């Protein structure tokens, strides 16, 4: 039976999510690359792009501007399922932007740690 939000697993995923958020807002591309599963099966739907495979995600990040990435997370939910799968969902706002941003990620624990296998970012207008 899968255990939902086992405290030790939830603590691990919250920590790796916090690391992701720091890397994102500081444009630490190497860390962001490390936190995504290196596979052609990894998917990231962004606000303006659909990226299929780790290489496409990495190329997008390398070309993206590192400015204007700061954001305030206004709602956050992390749910773990057993000891090797988790889903994170947040709402956020960027300074000077009235829109609400949304981000969801599916995390899987691999031998080398927790990795994002699927991500989606969108805006509410």
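The values are calculated or read from the model by the stated rules, or taken from the named source; none is laboratory data. Since we're looking at a predicted model, the values are computed, not measured. Please note: Cβ atoms are built from the backbone with ideal geometry, for glycine as well, and neighbour counts cover all protein chains shown.
General observations
- Residue in the range 86-106 that is under 19 Å from residue 40 (Cα atoms) and out of contact with any helix residue (DSSP H, G or I) (no Cβ under 6 Å at 6 or more places or on another chain) present: yes
- Counted residues, the range 51-70 - those being assigned to a helix (DSSP H, G or I) and exposed (fewer than 11 other Cβ atoms within 10 Å of the Cβ): 2
- Within the range 93-122, being farther than 17 Å from residue 24 by Cα and assigned to a strand (DSSP E or B) holds for 100, 108, 109, 110, 113.
- Complete set of residues in the range 1-13 that are in contact with a strand residue (DSSP E or B) (Cβ under 6 Å, 6 or more places away or on another chain) and either under 25 Å from residue 51 (Cβ atoms) or exposed (fewer than 11 other Cβ atoms within 10 Å of the Cβ) (or both): 2, 13
- Any hit, the range 25-33, residues being farther than 25 Å from residue 96 by Cβ, at pLDDT 95 or above and surrounded by 12 or more Cβ atoms within 10 Å (Cβ to Cβ): yes
- Residues (more than 15 Å from the chain's Cα centre (by Cα) and under 18 Å from residue 37 (Cα atoms)) located in the range 54-70: 55, 56, 59, 62
- Considering the conditions (1) touching a strand residue (DSSP E or B) at 6+ places or on another chain (Cβ under 6 Å); (2) within 21 Å of residue 5 (Cα to Cα), residue 110 is excluded by exactly one of them, (1).
- Checklist (1) surrounded by fewer than 12 Cβ atoms within 10 Å (Cβ to Cβ); (2) in contact with a strand residue (DSSP E or B) (Cβ under 7 Å, 6 or more places away or on another chain); (3) farther than 25 Å from residue 124 by Cα applied to residue 40, failing item: (2)
- Residue, nearest to the chain's Cα centre (by Cα), within the range 71-92, restricted to residues that are part of a strand (DSSP E or B) and surrounded by 17 or more Cβ atoms within 10 Å (Cβ to Cβ): 88
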